[in-house]
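Okay, structure first, notes after.
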Amino acid sequence: MELPKPIVEKWRHKSGDIFIVRDDLLVGGTKRRLFTEYIKQFPNDEEFVYASPRQGYGQLALSLACGVLGKSAVVFVPKGKRHQLTEDAEKYGAKIVEVPMGFLSNLNHKAQKYCEENNSHLVPFGGDSPIIIKAMANLCKDIKVVPSEIWTVISSGVINRGLQKGFPDVKCYGVMIGHQTTQEEKGRATLFKSKYKFEQNCKKSELPPFPSSLTYDSKCWSFIQEHAKPNSLFWNVGK
(Lines give C-alpha, C1' and ligand atoms only; values in the text may rest on other atoms or scores of the structure.)
Protein backbone atom coordinates (compact mmCIF):
# COMPACT_ATOMS: atom_id res chain seq x y z
CA MET A 1 0.00 0.00 0.00
CA GLU A 2 1.43 3.35 -1.07
CA LEU A 3 1.30 6.13 1.50
CA PRO A 4 -0.33 9.41 0.43
CA LYS A 5 2.01 12.19 -0.59
CA PRO A 6 2.73 14.89 2.01
CA ILE A 7 0.15 17.68 2.15
CA VAL A 8 1.56 21.21 1.95
CA GLU A 9 -0.53 24.15 3.17
CA LYS A 10 0.12 27.86 2.98
CA TRP A 11 -0.28 29.74 6.26
CA ARG A 12 -0.32 33.46 6.92
CA HIS A 13 2.76 34.59 8.84
CA LYS A 14 3.47 38.06 10.18
CA SER A 15 6.16 38.58 7.54
CA GLY A 16 4.25 36.83 4.73
CA ASP A 17 3.02 33.37 3.77
CA ILE A 18 4.93 30.27 4.85
CA PHE A 19 4.50 26.65 3.80
CA ILE A 20 3.65 23.90 6.29
CA VAL A 21 4.13 20.20 5.51
CA ARG A 22 1.21 18.64 7.40
CA ASP A 23 2.48 15.15 8.20
CA ASP A 24 0.43 15.36 11.37
CA LEU A 25 -2.39 14.30 9.03
CA LEU A 26 -0.71 10.90 8.49
CA VAL A 27 -0.89 8.42 11.36
CA GLY A 28 2.74 7.82 12.30
CA GLY A 29 3.87 10.99 10.53
CA THR A 30 7.01 11.46 8.47
CA LYS A 31 8.92 8.78 10.34
CA ARG A 32 6.37 6.22 9.21
CA ARG A 33 7.24 7.12 5.62
CA LEU A 34 10.95 6.85 6.30
CA PHE A 35 10.84 3.63 8.31
CA THR A 36 8.70 2.04 5.60
CA GLU A 37 11.35 2.80 2.99
CA TYR A 38 14.08 1.54 5.32
CA ILE A 39 12.39 -1.81 6.00
CA LYS A 40 11.80 -2.36 2.28
CA GLN A 41 15.57 -2.46 1.79
CA PHE A 42 15.88 -5.56 4.00
CA PRO A 43 13.29 -7.99 2.57
CA ASN A 44 14.88 -11.04 4.16
CA ASP A 45 14.73 -9.66 7.70
CA GLU A 46 11.56 -10.57 9.59
CA GLU A 47 11.85 -8.66 12.87
CA PHE A 48 12.88 -5.02 13.35
CA VAL A 49 13.89 -3.63 16.73
CA TYR A 50 14.05 -0.03 17.95
CA ALA A 51 15.21 1.62 21.18
CA SER A 52 12.92 4.56 21.85
CA PRO A 53 12.75 7.40 24.36
CA ARG A 54 9.42 7.52 26.15
CA GLN A 55 8.16 10.30 23.84
CA GLY A 56 9.87 9.06 20.67
CA TYR A 57 7.84 8.96 17.46
CA GLY A 58 9.94 6.16 15.99
CA GLN A 59 8.17 3.51 18.07
CA LEU A 60 4.80 4.22 16.43
CA ALA A 61 6.38 4.64 13.00
CA LEU A 62 8.10 1.26 13.23
CA SER A 63 4.95 -0.51 14.38
CA LEU A 64 2.89 0.87 11.50
CA ALA A 65 5.56 0.25 8.87
CA CYS A 66 6.14 -3.33 10.00
CA GLY A 67 2.42 -4.03 10.11
CA VAL A 68 1.88 -3.00 6.50
CA LEU A 69 4.97 -4.86 5.26
CA GLY A 70 4.24 -8.08 7.13
CA LYS A 71 7.17 -7.77 9.53
CA SER A 72 7.41 -7.90 13.32
CA ALA A 73 8.28 -4.85 15.42
CA VAL A 74 9.90 -4.83 18.87
CA VAL A 75 10.29 -1.56 20.77
CA PHE A 76 12.46 -1.06 23.85
CA VAL A 77 11.24 1.79 26.08
CA PRO A 78 11.96 3.02 29.62
CA LYS A 79 9.94 1.21 32.29
CA GLY A 80 7.34 3.35 34.05
CA LYS A 81 4.36 5.41 33.00
CA ARG A 82 3.75 4.80 29.32
CA HIS A 83 3.45 7.56 26.78
CA GLN A 84 0.46 7.42 24.43
CA LEU A 85 2.87 6.77 21.55
CA THR A 86 3.91 3.51 23.23
CA GLU A 87 0.28 2.51 23.74
CA ASP A 88 -0.41 3.23 20.08
CA ALA A 89 2.67 1.30 18.94
CA GLU A 90 1.45 -1.72 20.89
CA LYS A 91 -2.06 -1.28 19.48
CA TYR A 92 -0.64 -1.47 15.95
CA GLY A 93 1.24 -4.67 16.72
CA ALA A 94 4.60 -3.87 18.27
CA LYS A 95 5.98 -5.98 21.09
CA ILE A 96 6.92 -3.59 23.90
CA VAL A 97 9.91 -4.35 26.12
CA GLU A 98 10.11 -2.08 29.18
CA VAL A 99 13.62 -1.55 30.54
CA PRO A 100 14.45 -0.48 34.12
CA MET A 101 16.98 2.37 34.22
CA GLY A 102 15.78 3.26 30.76
CA PHE A 103 18.33 5.85 29.74
CA LEU A 104 19.12 5.68 26.04
CA SER A 105 22.49 3.91 26.27
CA ASN A 106 20.90 1.12 28.33
CA LEU A 107 17.96 0.83 25.94
CA ASN A 108 20.34 0.53 23.00
CA HIS A 109 22.45 -2.06 24.83
CA LYS A 110 19.41 -4.20 25.62
CA ALA A 111 18.04 -3.85 22.09
CA GLN A 112 21.40 -4.80 20.55
CA LYS A 113 21.69 -7.86 22.79
CA TYR A 114 18.15 -8.90 21.84
CA CYS A 115 19.01 -8.63 18.16
CA GLU A 116 22.13 -10.74 18.57
CA GLU A 117 20.20 -13.44 20.40
CA ASN A 118 17.23 -13.45 18.01
CA ASN A 119 18.83 -12.64 14.67
CA SER A 120 16.74 -9.46 14.49
CA HIS A 121 17.45 -6.15 12.75
CA LEU A 122 18.27 -3.13 14.93
CA VAL A 123 17.01 0.10 13.39
CA PRO A 124 19.47 2.96 14.08
CA PHE A 125 18.33 5.49 16.67
CA GLY A 126 16.40 8.30 15.01
CA GLY A 127 16.62 6.35 11.78
CA ASP A 128 20.11 7.74 11.29
CA SER A 129 20.95 5.81 8.15
CA PRO A 130 21.89 6.87 4.60
CA ILE A 131 18.82 4.92 3.45
CA ILE A 132 16.50 7.12 5.48
CA ILE A 133 18.27 10.36 4.64
CA LYS A 134 17.92 9.49 0.94
CA ALA A 135 14.23 8.64 1.48
CA MET A 136 13.73 12.03 3.16
CA ALA A 137 15.45 13.79 0.25
CA ASN A 138 13.16 11.96 -2.18
CA LEU A 139 10.10 13.27 -0.32
CA CYS A 140 11.12 16.77 -1.35
CA LYS A 141 10.16 15.91 -4.93
CA ASP A 142 6.56 15.34 -3.80
CA ILE A 143 5.84 18.70 -2.21
CA LYS A 144 6.15 20.89 -5.35
CA VAL A 145 7.50 23.86 -3.40
CA VAL A 146 10.90 25.55 -3.54
CA PRO A 147 11.11 27.39 -0.21
CA SER A 148 13.20 30.43 0.70
CA GLU A 149 14.47 28.54 3.77
CA ILE A 150 13.67 25.38 5.75
CA TRP A 151 12.81 24.94 9.45
CA THR A 152 12.65 21.80 11.58
CA VAL A 153 13.40 20.75 15.11
CA ILE A 154 16.64 18.81 15.28
CA SER A 155 17.88 16.04 17.54
CA SER A 156 19.55 13.25 15.57
CA GLY A 157 19.22 15.61 12.60
CA VAL A 158 17.93 13.01 10.14
CA ILE A 159 14.92 15.00 8.91
CA ASN A 160 16.92 18.19 8.47
CA ARG A 161 19.84 16.46 6.73
CA GLY A 162 17.43 14.79 4.35
CA LEU A 163 15.94 18.18 3.52
CA GLN A 164 19.42 19.60 3.03
CA LYS A 165 20.04 16.89 0.46
CA GLY A 166 16.66 17.42 -1.20
CA PHE A 167 17.10 21.21 -1.35
CA PRO A 168 20.87 21.66 -1.71
CA ASP A 169 20.67 25.40 -2.38
CA VAL A 170 18.19 26.32 0.38
CA LYS A 171 19.22 27.65 3.81
CA CYS A 172 18.24 25.26 6.62
CA TYR A 173 17.54 26.00 10.28
CA GLY A 174 17.18 23.55 13.15
CA VAL A 175 15.85 24.08 16.67
CA MET A 176 17.76 21.79 19.03
CA ILE A 177 15.85 19.67 21.50
CA GLY A 178 17.34 16.99 23.72
CA HIS A 179 21.11 16.54 23.46
CA GLN A 180 23.66 18.95 22.04
CA THR A 181 23.53 18.27 18.31
CA THR A 182 26.91 17.43 16.81
CA GLN A 183 28.45 18.88 13.66
CA GLU A 184 27.85 15.59 11.85
CA GLU A 185 24.21 15.49 12.96
CA LYS A 186 23.39 19.07 11.99
CA GLY A 187 25.03 19.02 8.55
CA ARG A 188 24.90 22.57 7.19
CA ALA A 189 21.95 23.69 9.32
CA THR A 190 22.13 26.84 11.41
CA LEU A 191 21.01 26.00 14.94
CA PHE A 192 18.84 27.59 17.60
CA LYS A 193 18.40 26.01 21.03
CA SER A 194 15.00 25.37 22.59
CA LYS A 195 14.54 26.39 26.21
CA TYR A 196 12.65 23.13 26.78
CA LYS A 197 14.13 19.78 27.71
CA PHE A 198 13.22 16.93 25.36
CA GLU A 199 10.60 15.48 27.70
CA GLN A 200 8.95 18.85 28.42
CA ASN A 201 5.76 19.87 26.62
CA CYS A 202 5.67 23.15 24.75
CA LYS A 203 3.46 25.78 26.43
CA LYS A 204 0.00 26.23 24.92
CA SER A 205 0.73 29.89 24.18
CA GLU A 206 3.65 28.85 21.96
CA LEU A 207 1.93 26.08 20.00
CA PRO A 208 1.33 26.32 16.25
CA PRO A 209 -2.30 26.61 15.05
CA PHE A 210 -2.38 22.97 13.88
CA PRO A 211 -1.66 19.62 15.60
CA SER A 212 2.05 19.24 16.36
CA SER A 213 4.02 17.09 18.78
CA LEU A 214 4.18 18.86 22.16
CA THR A 215 7.64 17.47 22.87
CA TYR A 216 9.02 17.81 19.35
CA ASP A 217 7.90 19.88 16.35
CA SER A 218 5.88 22.45 18.29
CA LYS A 219 9.08 23.73 19.93
CA CYS A 220 10.13 25.13 16.55
CA TRP A 221 7.12 27.39 16.11
CA SER A 222 8.18 30.32 18.32
CA PHE A 223 11.49 30.54 16.43
CA ILE A 224 9.64 30.51 13.11
CA GLN A 225 7.39 33.30 14.38
CA GLU A 226 10.40 35.40 15.28
CA HIS A 227 12.94 34.61 12.57
CA ALA A 228 11.43 32.95 9.47
CA LYS A 229 11.31 34.71 6.12
CA PRO A 230 8.32 34.69 3.76
CA ASN A 231 7.96 31.44 1.79
CA SER A 232 9.83 29.46 4.43
CA LEU A 233 8.98 25.78 4.83
CA PHE A 234 8.24 24.13 8.19
CA TRP A 235 8.17 20.34 8.12
CA ASN A 236 5.69 19.22 10.79
CA VAL A 237 6.73 15.60 11.39
CA GLY A 238 3.74 14.46 13.45
CA LYS A 239 1.27 15.31 16.16
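Points worth noting:
- Residues within region 40-66 that are open to solvent by 40 Å² or more (accessible area, probe 1.4 Å) and at pLDDT 95 or above, tallied: 8
- Among residues of region 198-227 that are closer than 16 Å to Ile18 by Cα and of a type in the set (S, T, N, Q), those with a Cβ under 6 angstrom from a residue that is modelled with pLDDT under 90 and part of a helix (DSSP H, G or I), sequence gap 6+ or separate chain, pair up as Ser222/Glu206.
- Selection over region 151-168 of residues that are surrounded by fewer than 24 Cβ atoms within 10 Å (Cβ to Cβ), modelled with pLDDT of 95 or more and not in a helix (DSSP H, G or I) gives a count of 2.
- Screening Asp128, Asp142, Asp169 for residues that are of a type outside the set (Ser, Thr, Tyr) and touching a Ser or Thr at 6+ places or on another chain (Cβ under 7 Å) leaves exactly one candidate, Asp128.
- Consider region 196-209 and keep the residues that are among the hydrophobic types (A, V, I, L, M, F, W, C) and either within 17 Å of the chain's Cα centre (by Cα) or at pLDDT below 85 (or both). The one that is surrounded by the fewest Cβ atoms within 10 Å (Cβ to Cβ) is Phe198.
- Matching helices (runs of 4 or more DSSP H) fully within region 1-118 where at least 3 residues are over 18 Å from Ser218 (Cα atoms), free of Cβ contacts under 8 Å to residues at least 12 places away in the same chain and of a type outside the set (Gly, Ala, Ser): 104-118
- Ser218 falls short on exactly one of the conditions (1) open to solvent by 20 Å² or more (accessible area, probe 1.4 Å); (2) in a helix (DSSP H, G or I); (3) among the hydroxyl-bearing types (Ser, Thr, Tyr), and that condition is (1).
The values are calculated or read from the model by the stated rules, or taken from the named source; none is laboratory data. Note that this is a predicted model, so its numbers are computed, not measured. Don't worry about glycine lacking a Cβ; one is built from the backbone with ideal geometry, like all the others, and counts go over all protein chains shown. These accessible areas exclude ligands, DNA and RNA; they are computed on the full protein's heavy atoms, side chains included. Shrake-Rupley method; radii C 1.70, N 1.55, O 1.52, S 1.80 Å.
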